[in-house]
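One structure below.
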Amino acid sequence: MFSYTTRQSLILRVNQDALTVTPRPSDTLLYTLRQELGLTGAKPGCENGDCGACTVIFDNLPLKSCLMLTAEAVGHEITTVEGFHHTALQDAFMDHWAFQCGYCTSGFLTTAHALLTRHPDADRQTMVEWLRSNLCRCTGYQEIGDAVWSVLQAGQT
Amino acid sequence: MIPFSFEYHQADSLEEAALVYQQIQASGQRPIYYGGGTEILTMARLAQIHFDAVIDIKQIPQCQRLERADDAIVFGAGVSLDRIGQANLWPLLSQAGARVADHSVRCKITLGGNLAGTLPYREAALPFMLFSSDAHGLVFGLGGSRDVPFKELFNGQLNLRPGEFLVELRVAQFAAEVPALSVKKTRLDWVDYPLFTVAMVRANSEIRVAFSGVTGCPFTSDAINRMLNAAGSGDDRARSAVAQISDPVVDDLHGSAKYRRFLLTRTLADMLAKIEE
């Protein structure tokens, strides 16, 4: 039994580093990433699981960090957008102008990165199904889809 | 940020979960069981619910079962809807679960959480409702485990005794081998709360349906099933079936009751045509 009843030290694995945090047991992973670790790539949007701006990769799956307690993340591998360094996906987002205001970008990047890892052979329908988890209020969906599709196609050729 | 504090306990076994629940309750505090937690956290953030501790049960090995065993398929209550879809042991459940929320959220929502939630939809229950004579649930509490027929366990909502939680659901293997469909209709976007969801099967030449989002909670009805199995065209049978709905049909911003009845009639007729091909 792992019981976390008051604020105390926890070790989180984030972007391949072991980091110490001291959240309340009721703090979400989103809150801890931003407020304790300064990893502000995961954005607070709706904080209701709808917009996807706070998406992180959790053991190779995209998860909305507003819908997860920090304590749940102990023992798991978390990747935020800060863990990406000059990836083909980031280049594709720039090449296809796949952002406008940019607030949703890190959420789309993490969702798409998880898709590329888990389903490198994804068809367009699968890609759309995964990207539907994220909202872009600037409505840049066409360019975002084009960017992700270009990386999928490049990997499949 | 969640505006109040609570404890987090991650149980490794069924017994541990039930025991810590009792201990917390005995100390005058309010515990709740926690699966994916998506609804609990969103409601907590809005201070719509209050509790003192969550007991996370999804890591318990029995809650993580997802397998064929003997002549049944076993779904642990802690398994995510995404994992159920990936494994696809029961295509009808995969289909019904695949339209809950969005993909990322389905990586967190558990089968047990979908059935136990306060949202009225509980779409993952529909397939089990269609095979209620051949589906069972295993629940656990301080008194130990109980095997409960699905029709007793779920009548629109999960019926658990105080301190109990759902461990797993089982359905007979043949449920995965009959023609089946699940259709969700939304007002505009693909990802949205449903106008309704319909699950339909044809087993031994008999058609059965279950609904979510039409009235206040998921339901199936012998009267509706009789109408769908009567003689006549698909359109006529669908109209007669929808006319049998006696509870108030949901009338909200997503759609009026009249529109829901109209769309449900069309949807049933289309599903009949497809399943009877």
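Quick one: count up the residues across region B:155-165 that are open to solvent by less than 10 Å² (accessible area, probe 1.4 Å) and modelled with pLDDT of 95 or more.
Number satisfying all stated conditions: 1.
Restricting the search to region B:249-268, which residues are surrounded by 19 or more Cβ atoms within 10 Å (Cβ to Cβ) and either touching a strand residue (DSSP E or B) at 6+ places or on another chain (Cβ under 6 Å) or closer than 19 Å to B:ASP235 by Cβ (or both)?
Those that are surrounded by 19 or more Cβ atoms within 10 Å (Cβ to Cβ) and either touching a strand residue (DSSP E or B) at 6+ places or on another chain (Cβ under 6 Å) or closer than 19 Å to B:ASP235 by Cβ (or both): B:ARG260, B:LEU264, B:THR267, B:LEU268.
Residues being more than 7 Å from every other protein chain (Cβ to nearest Cβ), open to solvent by less than 70 Å² (accessible area, probe 1.4 Å) and free of Cβ contacts under 8 Å to residues at least 60 places away in the same chain: count how many of those fall in region A:1-26.
The number of residues fulfilling the criteria is 5.
Check every one of the strands (runs of 3 or more DSSP E) wholly within region B:139-250 and list those with 2 or more residues that are in contact with a Ser or Thr (Cβ under 9 Å, 6 or more places away or on another chain) and farther than 30 Å from B:TYR21 by Cα.
Answer list for region B:139-250: B:180-185, B:196-203, B:206-212.
The rows are residues; the columns are (1) within 12 Å of chain A (Cβ to nearest Cβ); (2) acidic (Asp, Glu); (3) under 23 Å from A:GLY75 (Cα atoms).
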{"site": "B:MET43", "(1), (2), (3)": "yes, no, no"}
{"site": "B:HIS50", "(1), (2), (3)": "yes, no, no"}
{"site": "B:ILE57", "(1), (2), (3)": "yes, no, yes"}
{"site": "B:ALA69", "(1), (2), (3)": "no, no, no"}
{"site": "B:VAL79", "(1), (2), (3)": "no, no, yes"}
{"site": "B:ASP82", "(1), (2), (3)": "yes, yes, yes"}
{"site": "B:LEU89", "(1), (2), (3)": "no, no, no"}
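Which one of these does A:VAL56 not meet: (1) among the aliphatic types (A, V, I, L, M); (2) within 30 Å of B:ALA11 (Cβ to Cβ); (3) open to solvent by 70 Å² or more (accessible area, probe 1.4 Å)?
(3)
Starting from residues that are assigned to a helix (DSSP H, G or I) and in contact with a helix residue (DSSP H, G or I) (Cβ under 6 Å, 6 or more places away or on another chain), keep the ones in region B:106-122 and report whichever is farthest from the other protein chains (Cβ to nearest Cβ).
Ranking the qualifying residues of region B:106-122, first place goes to B:LEU115.
Identify, please: which residue in region B:98-143 is of a type outside the set (S, T, N, Q) and free of Cβ contacts under 8 Å to residues at least 24 places away in the same chain and is, among those, surrounded by the most Cβ atoms within 10 Å (Cβ to Cβ)?
Looking at residues that are of a type outside the set (S, T, N, Q) and free of Cβ contacts under 8 Å to residues at least 24 places away in the same chain, I get B:HIS103.
Return the only residue of B:LYS258, B:LYS274 being farther than 23 Å from B:LEU181 by Cα, part of a helix (DSSP H, G or I) and charged (D, E, K, R).
B:LYS258
Considering only residues that are more than 7 Å from every other protein chain (Cβ to nearest Cβ) and either within 19 Å of B:ALA44 (Cα to Cα) or out of contact with any strand residue (DSSP E or B) (no Cβ under 6 Å at 6 or more places or on another chain) (or both), which ones fall in region B:5-20?
B:SER13, B:GLU15, B:LEU19
Restricting attention to region B:22-35, does a residue exist that is over 24 Å from B:ARG106 (Cα atoms), more than 8 Å from chain A (Cβ to nearest Cβ) and among the basic types (Lys, Arg)?
There is at least one residue in region B:22-35 that is over 24 Å from B:ARG106 (Cα atoms), more than 8 Å from chain A (Cβ to nearest Cβ) and among the basic types (Lys, Arg).
Just one of (1) in a helix (DSSP H, G or I); (2) more than 25 Å from A:ASP59 (Cβ to Cβ); (3) open to solvent by 10 Å² or more (accessible area, probe 1.4 Å); (4) of a type in the set (A, V, I, L, M) trips up B:ILE49, so point out which.
All conditions pass for B:ILE49, except number (1).
Can you tell me which residue among B:MET227, B:MET271 is closer than 27 Å to B:LEU158 by Cβ and in contact (Cβ under 8 Å) with a residue 12 or more places away in the chain?
From the options B:MET227, B:MET271, the qualifying one is B:MET271.
The values are calculated or read from the model by the stated rules, or taken from the named source; none is laboratory data. On a predicted model such as this, the values are computed, not experimentally measured, just so you know. Positions of Cβ are backbone-derived with ideal geometry, glycine not excepted, and every protein chain shown enters the neighbour counts. With ligands, DNA and RNA removed, areas are computed over all heavy atoms of the protein, side chains included. Shrake-Rupley method; radii C 1.70, N 1.55, O 1.52, S 1.80 Å.
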